[in-house]
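In what follows, a structure is listed as structure tokens, so that the remarks can point back to it.
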Amino acid sequence: MPGAVRVQRTYLTLTLLATLAQSLIWGVNTLFLLDAGLTNTQAFSANALFSLGQLVFEVPTGVVADTRGRKTSYLWGAATLLLSTLLYLFMWWVTAPFWGWAIASIVLGLGFTFFSGAVEAWLVDALSANRFAGDLDDVFGRGQAVSGVAMLTGSVAGGFIAQASSLGVPYVLRAVLLGVTFVVAVVFMRDEGFTPRRAASVADEVRATLRVSVDHGWRNRPVRWLMLTSPFISGVMFYAFYAMQPYLLELFGDAEAFGIAGLASAIIAGAQIVGGLLVPTVRRRVRRRTNLLVFALVVSVGALVAVGLTTEFWVAVALLVVWGMVFSLSMPVRQAFINGCIPSSQRATLLSFDALLGSGGGTIAQPALGRVADVAGYGPSYLVAAGVQALALPFLLLARREEAAADTAPPTPPATPVDEVVSRCSGIST
């Protein structure tokens, strides 16, 4: 269908631009914070406050997407990220105290909450409205691959730009690209297959959303178990990625080789491209999505343990490739599973609720693991991180035991009626 093709092109274009803008600083963000005078504990506490901002604002901004429109939420997110990026630059320029970084990080988290859930909900509903008959795993996989290309480009460029100029320049370029993203979304993005409830009170909708989150999130057993993996997986993911920047420089033996830090992010991006492109092939061979998620988690934990034990730079790089590939392979599969079990009218909010749980894990895990790095070193902190991530395994096994229809069937975007959505899962319990 031409409409479905247009929707996918818009989705991939926005994914490319937004990820490129964001990834310009991914390879140097921790170094940027340390250069601003923060300790490891303070730097990862700033990241934790970013997660806290996400935790606090996830549900309200999810309600914005479900009541005012997915496009409106996306535009607010792009604008907020642009302003918070400029605030970060100002904090670095004036060597601001930690409380300044705390405020800037929370605002940055707010910006991302406008994104989380909104673009994914927009995509699924718009594809459904245009009678898309394909597999959502494949669409999310292509999005993952495009995101990987953007991350590869942005992280390499950001690292070497910082090395050739200063750590602040990638943030300037990020702000410019976020402005471009905003303009593209204004022109090409439009809500389809979904009617915003503009007359609704946001406060009333928040209360109603919490009830819906309980009914179709917590009480829906397959979704409940999968969501409960988020605090352990997401919390560790953020730390493992950002700690890799100074850790690889430490193993490399040159604290000023910012290009190496950018290269580390590029390696993750390359693994993400491969992982996203492998999704259709792997899904044809692995019948149950939860089997694939369990395998990816076990490999991820093993890779983190090995990273914590190695003292060789190139071994750590190879392990980083493995870790990034299995994570990127699992994410589109997880997205398709959850979207197969939730109703359209609350999709953005429920996806935001899932992100909220991940942010909660990041709020606790990042400063705690940063403290371990300050006291014992980066290697031991990765060993502790592996142990934390392993705690997600029982919940994945419980999700597998439910034998939800969305665990095996190729997903088509679920219809709006709640009864039809619920019937695709194994049932709702109290």
Between V315 and V286, what's the calculated FRET efficiency when r is the beta-carbon distance and R0 is 25 Å? Round to 0.05. 0.30
So how much slack lies between R371 and A405, counting 0.36 nm per residue of separation and subtracting their Cα-Cα distance, in nm? 8.0 nm
Euclidean distance of C-alpha centroids, the stretch 148-179 and the stretch 1-41, integer Å: 10
Counting only protein heavy atoms with a 1.4 Å probe and every protein chain in place, the carbon and sulfur fraction of the accessible surface of the stretch 109-188 in whole percent equals 71
Check each of the trypsin sites (Lys or Arg not before Pro) in the stretch 125-182 and keep only those in coil by DSSP with at most 14 other C-beta atoms within 10 angstrom; list them in order. R131
If the chain between L383 and V322 were fully stretched, how many nm would it gain, using 0.36 nm times the residue separation less the Cα-Cα distance? 20.3 nm
Any idea what the dipole of the stretch 1-130 comes to, in debye rounded to 20, about its Cα centre with Lys/Arg Cβ at +1 and Asp/Glu Cβ at -1? 320
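The values are calculated or read from the model by the stated rules, or taken from the named source; none is laboratory data. Keep in mind it's a predicted model, so treat the numbers as computed, not measured. Using ideal geometry, Cβ is built from the backbone for each residue, glycine included, and neighbour counts are taken over all protein chains shown. Calculation scope for accessible area: heavy atoms of the full protein, side chains included, ligands and nucleic acids excluded. Shrake-Rupley method; radii C 1.70, N 1.55, O 1.52, S 1.80 Å.
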